[in-house]
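Some notes on the structure that comes next.
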């Protein structure tokens with residue numbers, strides 16, 4: 001399967017700990033997005049990369065959150081000093097440039113902060 | 001304020017009927033609108049895109065309409081099947097940007113045999 005992959009699929013952590021998630025996009029996709037989704041809501045945009053450049057960040061992305069895409073391939077999302085309100089599904093998506101607008105989503109990483 | 005509204009209650013229909021889901025938005029002027037399907041515990045899957053200058057798009061049993069005056073999109077599934085049961089999300093997008101999407105909360109569809 002050459003779709004978007006995310007690891008881990010589930011993460012349980014205690015409040016105050018740091019966590020890091022990884023996203024591997026579809027190989028020829030240069031655009032990569034992170035979203036957060038809570039129960040009963042749609043995905044909320046967090047940040048966007050074009051190749052290795054982080055071009056947009058949402059106000060939702062507090063200073064405890066940082067994302068990288070060092071070589072323009074995989075991306076990591078780190079949350080420092082986790083809080084219970086960070087519990088959510090973190091989704092990664094990738095897309096091609098140009099008129100093709102559809103985004104291909106990974107299965108997500110479900111984070112539970114206890 | 002800016003809002004995207006989808007039917008908050010689940011939609012229950014009988015197999016073989018047409019399901020119609022609505023997406024209304026306020027204080028946005030999107031260049032295009034997309035519909036995604038999401039199954040429990042999985043990421044959304046792209047279904048259809050419709051641009052602001054298009055009135056209707058079809059793909060197999062799916063049909064989407066887009067009325068920029070009413071600020072509304074309708075999503076139809078004809079001859080619905082139990083396998084169509086899922087949550088359907090609408091998402092707004094803009095040209096010239098980074099393809100960032102703003103999603104509605106989704107409507108859960110249940111198709112009963």
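Read-outs: derived from the displayed coordinates by stated rules, not from any lab. Given the structure is predicted, the values throughout are model-derived calculations rather than measurements. Here Cβ is always computed from backbone atoms with ideal geometry, including for glycine, and neighbour counts include all displayed protein chains.
Residue count for segment A:94-114 satisfying the condition of being outside any strand (DSSP E or B), within 14 Å of chain B (Cβ to nearest Cβ) and touching a residue at least 24 places away in the same chain (Cβ under 8 Å): 6. Just one of the listed residues (A:91, A:61) is touching a residue at least 12 places away in the same chain (Cβ under 8 Å), crowded, with 16+ Cβ neighbours inside 10 Å, assigned to a loop (DSSP other than H, G, I, E, B) and within 12 Å of the chain's Cα centre (by Cα), namely A:61. Within segment B:68-84, being surrounded by 12 or more Cβ atoms within 10 Å (Cβ to Cβ) and under 24 Å from residue B:94 (Cβ atoms) holds for B:68, B:71, B:72, B:73, B:74, B:75.
Scanning segment B:41-67 for residues that are touching a residue at least 12 places away in the same chain (Cβ under 8 Å) and more than 10 Å from every other protein chain (Cβ to nearest Cβ) yields B:50, B:52, B:54, B:55, B:59, B:61, B:62, B:63, B:64, B:65, B:66, B:67.
When only residues in segment A:18-47 that are within 8 Å of another protein chain (Cβ to nearest Cβ), surrounded by fewer than 19 Cβ atoms within 10 Å (Cβ to Cβ) and free of Cβ contacts under 8 Å to residues at least 12 places away in the same chain count, which is farthest from the chain's Cα centre (by Cα)? Filtering first and then ranking leaves A:40.
Of the numbered criteria (1) under 10 Å from the mean Cα position of the chain (by Cα); (2) closer than 30 Å to residue B:7 by Cβ, the one residue A:67 fails is (2).
Inspect all residues belonging to segment B:68-80 and state whether any of them is more than 30 Å from residue A:7 (Cβ to Cβ), in contact with a helix residue (DSSP H, G or I) (Cβ under 7 Å, 6 or more places away or on another chain) and away from chain A (no Cβ under 13 Å). Yes, that holds for at least one residue. Restricting segment B:81-113 to residues that are away from chain A (no Cβ under 14 Å) and in contact (Cβ under 8 Å) with a residue 60 or more places away in the chain leaves a set whose member that is farthest from the chain's Cα centre (by Cα) is B:113.
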